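What follows is a set of notes on a single structure, which appears directly below.
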Amino acid sequence: MNSSALLSEPFRTVLMLAAFVIICAGMKGAATMIGPLFFAVYLAVIFGMLIRWLERKGVPHIPAVAAGIVLFIAIIAGITILMAVYISQLIQQLPLYQAGLESRVVLFTAMARDQGIDIASVPVSDLISVIPGAFGSALAGLGNSITIVLIIVITPIFLILDAGMFLETLRNSLEGRPDVRAKIEKLAREIIRYLVIRSEVNCATGIGIGVLLAFIGVDFALLWAFLAFLLSFIPYLGFWIAVIPPALLAWTQFGPASAILVILGGVVINEIAENILFPQLAGYELKISPAVVLLSVFFWGWILGIFGALLAVPLTLCLKLLYEVSGKPA
């Protein structure tokens with residue numbers, strides 16, 4: 001019995017790795033569908049928590065679900081309208097920003113030449129001329145992704161409606177395995193808690209960035225604040241992806257001092273959110289090393305694109321659950 005268990009353990013590990021590789025290959029091939037679907041599950045979890053909170057306050061189940069769905073639709077519609085307006089305005093003003101950026105580069109080149117630094121060989125002007133077109137194409141392509149929008153909007157509604165039935169089915173299927181059920185419930189609570197607290201911290205980060213940019217006078221502060229909220233789900237890298245575009249815009253509008261102020265202010269806001277606010281709200285440390293978190297961002301980003309990078313930590317926690325559940329035979 002023991003020898004068979006010893007022989008079966010390496011086989012089980014190899015089998016799990018093979019299944020994982022096959023699943024990842026399939027996910028990568030269908031990333032345009034699976035990535036938004038995972039993000040839709042995240043939205044369903046967040047609004048499901050809101051519905052549970054309403055029920056604990058005494059609101060009946062059906063009115064609580066209806067309120068959650070109406071709020072979800074209202075928020076999605078509001079964000080979509082605001083972002084569409086801002087992105088349209090941003091695309092229209094890109095030529096003006098390009099001209100302003102080119103003039104700043106000319107001034108910077110002249111100042112560098114006065115200091116004996118020759119940067120004429122660097123094709124900065126060519127790079128600047130490419131940026132607006134590439135940025136505009138990316139924004140336009142994002143706006144035309146009707147399938148992604150439909151998945152993100154419609155799927156959470158059905159998940160919220162079917163959540164009770166799904167949980168009941170899961171409990172019934174695990175009735176004879178209390179150890180597995182306990183592990184699943186424990187990690188599910190961890191994942192949900194992480195998603196909720198991460199959303200709260202990111203909301204604080206987005207508000208802080210928005211207030212900072214509005215104070216400086218950077219255009220489209222609300223757009224950059226929303227992107228800061230969204231991209232802060234990407235550990236370590238998301239903040240820099242979010243803060244660089246408004247910093248460049250601040251440089252274009254007001255000069256290098258404003259760009260430096262945006263970066264320094266953003267760093268302060270990010271440090272307060274990540275090193276003070278998040279530990280206070282979470283009250284616990286995720287049992288994943290920073291190196292694993294960073295590698296998971298690259299891995300899931302490679303598999304599922306931007307949605308994989310956004311949900312890298314929850315997806316890694318799900319893998320941890322599968323490993324723990326399958327570690328011991330029933």
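FYI, it's all coordinate maths here, none of it is from the lab. If you're wondering where the values come from, they're calculated on a predicted model, not measured in any experiment. Virtual Cβ from ideal backbone geometry, glycine too; neighbours counted across all protein chains shown.
Let a ≥ b ≥ c be the square roots of the eigenvalues of the Cα gyration tensor of region 216-259; is it rounded (a/c under 1.5), or, if not, prolate (a/b larger than b/c) or oblate? Write out the running numbers ahead of the final one.
Working: a/c = 3.64, a/b = 1.79, b/c = 2.04.
In terms of gyration-tensor shape, oblate.
Just to check I understand the Karplus step: with θ = phi - 60° and J = 6.51 cos²θ - 1.76 cosθ + 1.60, what whole-Hz values come out for region 210-222, glycine and proline as x?
With the stated coefficients, region 210-222 comes to x, 5, 4, 5, 5, 5, 6, x, 5, 5, 6, 4, 5 Hz.
Output the peptides 295-301, 91-97 sorted from most to least packed, where packing is the average of other Cβ atoms within 10 Å over each peptide's residues.
Working: 295-301: 18.9, 91-97: 14.3.
Peptide ranking by packing, descending: 295-301, 91-97.
Taking the Cα centre of each part, how many Å lie between region 180-210 and region 27-88?
15
For a protection proxy built on the mean count of beta-carbon atoms within 10 angstrom, sort 148-161, 65-78 highest first, please. Don't jump to the answer; show the numbers that get you there.
Working: 148-161: 16.6, 65-78: 14.5.
Highest mean packing first, the order is 148-161, 65-78.
Could you give me the ³J(HN,Hα) list for region 25-38, computed from phi with Karplus coefficients 6.51, -1.76, 1.60 and θ = phi - 60°, whole Hz, x at Gly and Pro?
With the stated coefficients, region 25-38 comes to 4, x, 5, 5, x, 10, 4, 5, 9, 6, x, x, 5, 4 Hz.
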